[in-house]
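As structure tokens, the structure follows; a few thoughts come after it.
The values are calculated or read from the model by the stated rules, or taken from the named source; none is laboratory data. Because the structure is predicted, anything quoted here is derived from the model rather than measured. Heads up, the Cβs are rebuilt from the backbone with ideal geometry, glycines too, and the neighbour counts pull from every protein chain shown. For the accessible areas, the whole protein counts, side chains as well, though only heavy atoms, and no ligand, DNA or RNA atoms are used. Shrake-Rupley method; radii C 1.70, N 1.55, O 1.52, S 1.80 Å.
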Amino acid sequence: MYTIDMVEYVTYMYLRSLSFNQVNAILRAFYKQNVFTKVALLDHVEQLADRIPDHQTISRWLKPKRSGYYALDGTWLKYRGEDIVLLILFDVETLDTVAYHVADDETEESYTALIKLAWPEISVGMKGLYGDGDLGLMAAIAKLCAGVPFQLCVFHKYARVGQLIPFKYSKNALDLEIKERVEEVLFAESKDMATSALHELELFAQQNQGYGKLNRAIEVLHYNFELLLTHFDHPEMSPYNNVLEGFNSIIKRRTWLMKGFKKDINIDRWIKLMLLDWRFHVLKESAFKDRRGKTPLELAGVELPEIYNWLTFVRENYK
């Protein structure tokens with residue numbers, strides 16, 4: 001009843017909006033009739049997803065170049081009302097996704113599975129890693145990537161302290177002073193200045209013994225403190241992990257529109273489509289001029305023609 005071009009067109013629209021009502025309204029306006037029911041639309045999209053090569057197969061075909069700098073993180077999704085985590089290994093310079101793995105929790109085993117999936121692409125020339133310091137992540141990296149510089153995301157640490165002491169909304173003078181002192185630690189201009197600022201914060205805590213939150217905040221800062229300072233020894237590395245954070249927010253928003261997953265088989269279908277859609281999408285509004293107008297795959301050195309629908313491009317060109 002529907003041509004493959006039609007199904008690819010509708011799938012592309014659905015991936016960009018993830019709203020059946022919006023897609024259906026556009027189709028009704030063009031054809032002047034009801035074209036798809038929601039059940040029919042989703043059925044065709046899922047069948048198309050099964051025919052699309054998986055993430056690693058696309059990489060083996062197009063051979064994107066890797067920068068050697070990778071971020072690893074997890075974003076939480078819903079499956080039948082329960083939490084699951086999508087673990088992603090992301091090239092922070094090209095913005096290309098290298099690999100992903102869906103698991104029940106962030107553990108050493110789940111991060112190990114993610115790293116091993118990406119290993120053929122990242123094992124040579126690994127220069128630096130970024131993450132939020134999750135225990136499972138650190139254990140997996142210690143075993144598989146020992147000796148590779150690791151930068152703990154400064155913003156993650158700042159947000160964690162902010163959960164203990166309400167930096168954002170507090171008008172309490174003590175909280176505001178603690179905020180300034182924490183910022184002096186985390187956003188210092190040198191390793192010595194960061195260490196000195198932490199020592200000053202500890203002395204300040206001794207003068208305010210009755211404020212238990214401050215002591216807990218200092219414990220948070222002390223935990224893996226040396227990993228916050230990696231960028232001073234490796235100035236080519238940023239102290240932040242916000243490129244992956246921004247990507248995770250996009251995935252989170254899209255899966256929220258879907259209201260979670262109902263079938264186990266659909267998790268990989270939809271994650272695969274979303275991540276491939278990201279790899280082929282043009283970065284039109286990037287703040288960086290050298291990225292603007294290019295896709296993550298092109299930033300990774302892949303020469304691509306002008307593509308109007310990546311689903312059609314893959315079908316017509318992948319052998």
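Which residue fluctuates most in the GNM of the chain (Cα springs below 10 Å): K252, K38, K78? Sorting by GNM fluctuation, first place goes to K38. Cα centroids of segment 192-265 and segment 47-114: 22 Å apart. Per residue, segment 1-97 exposes 49 Å² of solvent-accessible protein surface, assessed with a 1.4 angstrom probe and all protein chains in place. Once C-alpha pairs closer than 8 Å and six or more residues apart are averaged by separation and normalised to the residue number of segment 84-191, the relative contact order reads 18 percent. Of all beta bridges that DSSP places with both ends in segment 1-156, some 75 percent have antiparallel geometry. Which entry is the computed Rg and Dmax of the Cα atoms in Å for this structure: (i) 22.7, 76; (ii) 29.9, 93; (iii) 20.3, 66? Checking each listed value against the structure points to (i). Computed from the C-beta positions of L135 and E285 and an R0 of 51 Å, the FRET efficiency is 0.90 to the nearest 0.05. The residues of segment 193-319 expose on average 56 square angstrom of accessible surface per residue, using a 1.4 Å probe on protein heavy atoms.
With a Förster radius of 45 Å applied to the C-beta separation of Q22 and V124, the computed FRET efficiency comes to 0.55. Length gained on full extension, Q206 to K262, computed as 0.36 nm times the residue gap minus the Cα-Cα distance: 14.9 nm.
The label point for H222 and the one for Q163, both projected 7 Å from the Cα toward the Cβ, are 1.9 nm apart. Maximal additional length on extending the S249-M193 stretch stands at 16.9 nm, based on 0.36 nm per residue less the C-alpha distance.
What a 1.4 Å probe finds exposed on the chain is 53% carbon and sulfur by accessible area, rounded to a whole percent. Placing a label point 7 Å from the Cα of R51 along the Cα-to-Cβ direction, the residues of segment 1-31 with a backbone N closer than 11 Å are 2-9. For V98, the residues whose amide H sits under 5 Å from its own are L89, F90, D91, ignoring neighbours fewer than 5 places away on the same chain, with H placed 1.01 Å from N.
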